[in-house]
Structure formats: C-alpha cells, structure tokens
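J.: Before we start, here is the structure in question, set down as structure tokens.
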Amino acid sequence: MARAWEADPSALFVKRLGKSAAELGNSKNDDECPDIWQLSNGDVAVIGRDLTAHYRSRLPGEVNLGPDERLVVIPGNMLSAAKVDIPDA
C-alpha cells in the first residue's frame, strides 16, 4: 500500500530555518553540525544525532518508526530559533 506522504529525494536545499549550530553555540567547528533546512518542495530536512537504537524500545504507543526512518535529536534551542522561519499552519 502506498504511503500518504513520501520524501522526494530530488528536492533541493533552499534555506536554513533558524540559526546555524555555530551561531547557537552548538558546534565548535563546521563538522557534524545539527541543522534544519527547508527544501524546494516545502518539506523540511533535519540533521541531527541518530538515536533510533536508543529510543526504539521506549517510544510512546502512538509513535512508530518505519524500517527506513530514523529518530534524530537536535538541540532545543535550534528548533526554538527556527520558529520565526516556520509559517503557521
């Protein structure tokens, strides 16, 4: 059965949402930085630490991870800083 939503791997990075990890003090250099980006199709790409294995057995009952999905964690201040760039629904 087809999914209701599918990621489009051809979408391009358009703009950073919020501030960079360096601006927020979450990175010492340009390597391995968490980030949030809007894609050309309106979707959002999140770069964070892959903690899928750590959380899989502790997910709330209504949360499911597909075999091709990963749970990533980003700093809370990064999401807060992105709020100004995220339109209301």
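J.: Mind listing P(r) for the chain? All alpha-carbon pairs, 10 Å bins, whole percents.
T.: Reading the bins upward from 0: 14, 39, 38, 8, 0.
J.: Ignoring the sites themselves, what is the longest stretch of the chain with no trypsin sites (Lys or Arg not before Pro) in a DSSP loop and at most 15 other beta-carbon atoms within 10 Å?
T.: Free of exposed loop sites, the longest segment is 29-69.
J.: Something else about it: Suppose all protein chains stay in the model; what accessible area per residue would a 1.4 Å probe give for the chain, in Å²?
T.: Using a 1.4 Å probe on heavy atoms only, each residue of the chain averages 78 Å².
J.: On to the next question. So, with +1 on the Cβ of K and R and -1 on the Cβ of D and E, and no other charges, what is the size of the charge dipole of the chain about its Cα centre, to the nearest 20 debye?
T.: Approximately 260 debye in magnitude.
J.: Skipping prolines and chain starts, which residues have an amide H placed within reach, meaning under 5 Å, of the one on residue 70, given they are 5 or more residues away or on another chain?
T.: none
J.: Quick one: pull the percent of accessible area on the chain belonging to carbon and sulfur, 1.4 Å probe, ligands and nucleic acids left out. It would help to have the intermediate numbers written out before the result.
T.: Values: 3720 of 6950 Å².
The computed percentage sits at 54.
The values are calculated or read from the model by the stated rules, or taken from the named source; none is laboratory data. Quick caveat, the model's predicted, so the values are computed rather than measured. When we count neighbours, we look across all protein chains shown, and the Cβ atoms used for this are built from the backbone with ideal geometry, even at glycine. Ligands, DNA and RNA are stripped out before the accessible areas are found, and what is left, the full protein with its side chains, is counted by its heavy atoms. Shrake-Rupley method; radii C 1.70, N 1.55, O 1.52, S 1.80 Å.
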